[in-house]
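Trainee: Could you have a look at this structure, given as structure tokens, before my questions?
The values are calculated or read from the model by the stated rules, or taken from the named source; none is laboratory data. Being a predicted model, the structure only gives us computed values, none of them experimental. All Cβ positions, even for glycine, are placed from backbone atoms using ideal geometry, and neighbour counts span all protein chains on display. For the accessible areas, the whole protein counts, side chains as well, though only heavy atoms, and no ligand, DNA or RNA atoms are used. Shrake-Rupley method; radii C 1.70, N 1.55, O 1.52, S 1.80 Å.
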Amino acid sequence: MPRTADHEERRRQIAGAVRELISEHGLDAVTVARTAAAAGMSVGLVQHYFRSKDEMLLHAFNEVSAAIRDRAGERIRAGIEHRRPIARVLAEALSEFVPLDERRRTEFRVTRAFAGRSLDAPALAEVDTETARRVREDIARAVHNGKECGEVAPDLDPWPAAVRLAAVTEGLATQVYRDPAGVNGTPAAELAESLIAAELATVFTGECRQYANGA
């Protein structure tokens, strides 16, 4: 009997094949047969794990959304470990949502394809909505923590700030995807860093008492 780890690995393998197909050919190119071929599996094995194409797509959307948030979470944990100011840590975390390299460009294309389909697919819409909600919650938590350590003014409401920061990051991601070389001679990575930093500076206006000397 295959171990649970084997089952999870196969599900991840199938999700990876779906992402590859969407990235290269678009969401409409995804079929069970093509996914099986891309994953190096039989159609029957793919159908063993996913009863329908919609179920397979839903799992793939969850996987790619979780992967992006996990990387952002790793940035946050590393920042805490190295005692960096919260604004700097949040800037690094938000950059994971901007398509500045091939992996993130692939993820952006995949998540936008799913977001478009979610307009008519309630299950996909739920994943899209929940992902956005969790990102806002993470940002709001960072802003709240900034208030406690002195980086954020005590009377600032974290939630409007979180919505604004999420909206700026999402819009920036779209702009960078359209023009990966940058704008008016400014490389995309430099542009993204400066815009995120400028937006964060309107929220994180103080200096962290706890990590004032962070590297």
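Trainee: Hey, any hits in the stretch 110-120 for a residue that's of a type outside the set (S, T, Y), assigned to a helix (DSSP H, G or I) and at pLDDT 95 or above?
Mentor: no
Trainee: Under 17 Å from the mean Cα position of the chain (by Cα) and within 30 Å of R209 (Cβ to Cβ): does that describe A72?
Mentor: Considered against the rule, which asks whether it is under 17 Å from the mean Cα position of the chain (by Cα) and within 30 Å of R209 (Cβ to Cβ), A72 comes out as yes.
Trainee: While we're on this one: Counting only residues that are β-branched (V, I, T) and either closer than 13 Å to P99 by Cβ or not in a helix (DSSP H, G or I) (or both), which one in the stretch 185-202 is least open to solvent (accessible area, probe 1.4 Å)?
Mentor: T186
Trainee: Which residues, counting only those in the stretch 24-59, are under 17 Å from L124 (Cβ atoms), outside any loop (DSSP other than H, G, I, E, B) and open to solvent by 40 Å² or more (accessible area, probe 1.4 Å)?
Mentor: If the condition is that a residue be under 17 Å from L124 (Cβ atoms), outside any loop (DSSP other than H, G, I, E, B) and open to solvent by 40 Å² or more (accessible area, probe 1.4 Å), then D28, K53, D54, E55, L58 are the ones that fit.
Trainee: Further, regarding this structure: With the checklist (1) among the aromatic types (F, W, Y); (2) in a helix (DSSP H, G or I); (3) within 16 Å of the chain's Cα centre (by Cα) in hand, flag the one item W159 doesn't pass.
Mentor: (3)
Trainee: In this structure, is A153 within 22 Å of R209 (Cβ to Cβ), open to solvent by less than 20 Å² (accessible area, probe 1.4 Å) and at pLDDT 95 or above?
Mentor: no
Trainee: Turning to a different aspect of this structure: On the basis of being under 20 Å from D128 (Cβ atoms), out of contact with any Pro (no Cβ under 7 Å at 6 or more places or on another chain) and either surrounded by fewer than 15 Cβ atoms within 10 Å (Cβ to Cβ) or not aromatic (F, W, Y) (or both), does T205 make the cut?
Mentor: no
Trainee: Filter the stretch 157-184 for residues that are surrounded by 20 or more Cβ atoms within 10 Å (Cβ to Cβ) and over 14 Å from A142 (Cβ atoms) and give the result.
Mentor: Within the stretch 157-184, L172, A173, V176 qualify.
Trainee: Right, another one. Criterion first (assigned to a helix (DSSP H, G or I), in contact with a helix residue (DSSP H, G or I) (Cβ under 8 Å, 6 or more places away or on another chain) and either in contact (Cβ under 8 Å) with a residue 12 or more places away in the chain or of a type outside the set (K, R) (or both)) does R105 satisfy it?
Mentor: Against the criterion (assigned to a helix (DSSP H, G or I), in contact with a helix residue (DSSP H, G or I) (Cβ under 8 Å, 6 or more places away or on another chain) and either in contact (Cβ under 8 Å) with a residue 12 or more places away in the chain or of a type outside the set (K, R) (or both)), R105 qualifies.
Trainee: Can you name the condition, by its number, that E96 falls short on among (1) in contact with a helix residue (DSSP H, G or I) (Cβ under 7 Å, 6 or more places away or on another chain); (2) open to solvent by less than 60 Å² (accessible area, probe 1.4 Å); (3) farther than 24 Å from E74 by Cβ?
Mentor: Looking at each condition in turn, E96 falls short on (3).
Trainee: Could you check the stretch 142-165 and list, in sequence order, the residues that are in contact with a helix residue (DSSP H, G or I) (Cβ under 8 Å, 6 or more places away or on another chain) and over 20 Å from E207 (Cβ atoms)?
Mentor: Selection gives W159, A162, V163, R164.
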